[in-house]
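Structure, as structure tokens:
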Amino acid sequence: QVRLVESGGGLVQAGGSLRLSCAVSGSIFSINRMGWYRQAPGKQRERVATVTSGGSTNYADSVKGRFTISRDNAKNTIYLQINSLKPEDTAVYYCNALRGSKDYWGQGTQITVSS
């Protein structure tokens, strides 16, 4: 099992910044990829950013240049630095780990961006 615990969400004004953290514990060996997804009210969950075990990153077009995913292997933590927040970034943000063919999810953290 892999356990993921997110933190760092909140209410922020448009143009502001936040940093999300995701602490990983459990059977973390053989995790192929980690990432962040988000789900806005009435919408499907969407991929925001991912980082592979080799360090390759990938971003959704809507967040390129504003979001940065990173990982600290010593702390078993991944981060999502979010800058220039927009109201349309309002969503619940979920941490994800892909281990083999199985997905693991955190409980989510809410980001609300006011205009």
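Some points to look at:
- Computed on the chain, the Cα convex hull volume stands at 95 Å³ per residue.
- Cα-based Lys pair tally, region 1-105, threshold under 26 Å, eight or more apart or on separate chains: 6
- If you take the Cα centroid of region 96-115 and the Cα centroid of region 18-55, the two points sit 5 Å apart.
- Net charge over other residues, Cβ less than 12 angstrom from the Cβ of residue 63 (K, R count +1; D, E count -1): +1
- Whole-percent carbon and sulfur share, accessible surface of the chain, 1.4 Å: 45
- Gain on full stretching of the segment that runs from residue 17 to residue 66 - 0.36 nm per residue minus C-alpha separation: 16.7 nm
- Solvent-accessible area per residue, Å², over region 34-115 with all protein chains present [probe radius 1.4 Å]: 51
- In the chain, a dipole from Cβ-located charges (positive for Lys and Arg, negative for Asp and Glu) runs towards its positive end, and of 16, 87, 69 it is 69 whose Cα lies farthest in that direction.
- Heavy atoms of residue 75 accessible to a 1.4 Å probe, total area in Å² rounded to 10: 130
- Per residue, the average separation of C-alpha pairs within less than 8 Å and at least 6 apart gives the chain a relative contact order of 37 percent.
The values are calculated or read from the model by the stated rules, or taken from the named source; none is laboratory data. Just so we're clear, the structure is a prediction, and the values are computed from it rather than from any experiment. Quick reminder, even Gly has a Cβ in these numbers, built from the backbone with ideal geometry, and neighbours come from all protein chains shown. Protein only, heavy atoms only, side chains kept; ligands, DNA and RNA dropped before computing areas. Shrake-Rupley method; radii C 1.70, N 1.55, O 1.52, S 1.80 Å.
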